[in-house]
Amino acid sequence: DGLSSDRVYCIAKDFHNNVYIGTYAGLNIISPSGKIKVINKNNGLRHPRVENLVTDKMGRIWITNFNSLICYDPASASFSYFDERNGVSNAGFTVVGNTITVDGKIIFSNGGLLVIDPAIVQPQQEYYPPVAVSRLFDDGGYELLHPKDTVQLNYRNAKLSLYYLSSTLITANR
């Protein structure tokens with residue numbers, strides 16, 4: 001058996017000398033003995049295409065997979081998924097659009113820049129960022145929310161505009 005596709009987008013290596021190859025049709029892990037394990041949409045990926053592979057200082061492999069970010073831990077062979085619920089834009093990722101900073105942060109291109117600090121991101125942990133509603137308007141443009149107010153809506157409010165703030169797991173200083 002060979003690679004999942006001959007369209008190769010990225011390559012990385014872990015601390016155990018496994019080689020990771022991201023292709024149009026999945027993730028291929030080649031062990032030091034030459035055995036190839038294919039991970040695709042049927043057994044771990046949310047989408048077939050793997051755009052980026054980056055090894056962090058802890059030996060985990062960060063994978064961009066269409067509009068989600070995946071952290072693969074070779075020690076436990078487990079995947080942790082991050083998507084727009086965790087602050088990852090759903091704009092998709094640029095093929096081979098990544099770099100690692102001197103302090104170990106990983107930067108991916110996804111219609112902007114996504115900065116990951118692997119030292120603070122805890123895979124295998126469900127995370128939903130806190131949200132604070134800062135302003136609320138009804139369909140007539142009337143502001144319904146002021147500090148310490150309780151909001152009561154009546155049947156005439158057909159549309160609401162909501163302004164909110166949310167920190168993300170991706171950058172600690174937001």
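The values are calculated or read from the model by the stated rules, or taken from the named source; none is laboratory data. Since the structure is predicted, the reported quantities are computational estimates derived from the model, not experimental observations. Quick reminder, even Gly has a Cβ in these numbers, built from the backbone with ideal geometry, and neighbours come from all protein chains shown. The accessibility values were calculated without ligands, DNA or RNA, using every heavy atom of the protein model including side chains. Shrake-Rupley method; radii C 1.70, N 1.55, O 1.52, S 1.80 Å.
Please count how many residues of the stretch 43-53 are surrounded by fewer than 21 Cβ atoms within 10 Å (Cβ to Cβ) and under 14 Å from the mean Cα position of the chain (by Cα).
Residues of the stretch 43-53 surrounded by fewer than 21 Cβ atoms within 10 Å (Cβ to Cβ): 43-44, 46-48.
Now narrow it down to the ones that are under 14 Å from the mean Cα position of the chain (by Cα): 46-47.
Residues that pass the stated criteria total 2.
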Review point. Looking at the stretch 61-78, is at least one residue farther than 18 Å from D14 by Cα and among the charged types (D, E, K, R)?
Key: no
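With the structure loaded, tell me whether I170 is at pLDDT below 70 and in contact with a Gly (Cβ under 9 Å, 6 or more places away or on another chain) or whether it fails that test. Lay out the reasoning, then the answer.
Numbers: at pLDDT below 70: yes; in contact with a Gly (Cβ under 9 Å, 6 or more places away or on another chain): yes.
So I170 fits the description; yes.
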Practice item. Determine, yes or no, whether I11 is open to solvent by 80 Å² or more (accessible area, probe 1.4 Å) and modelled with pLDDT of 95 or more. Key: yes
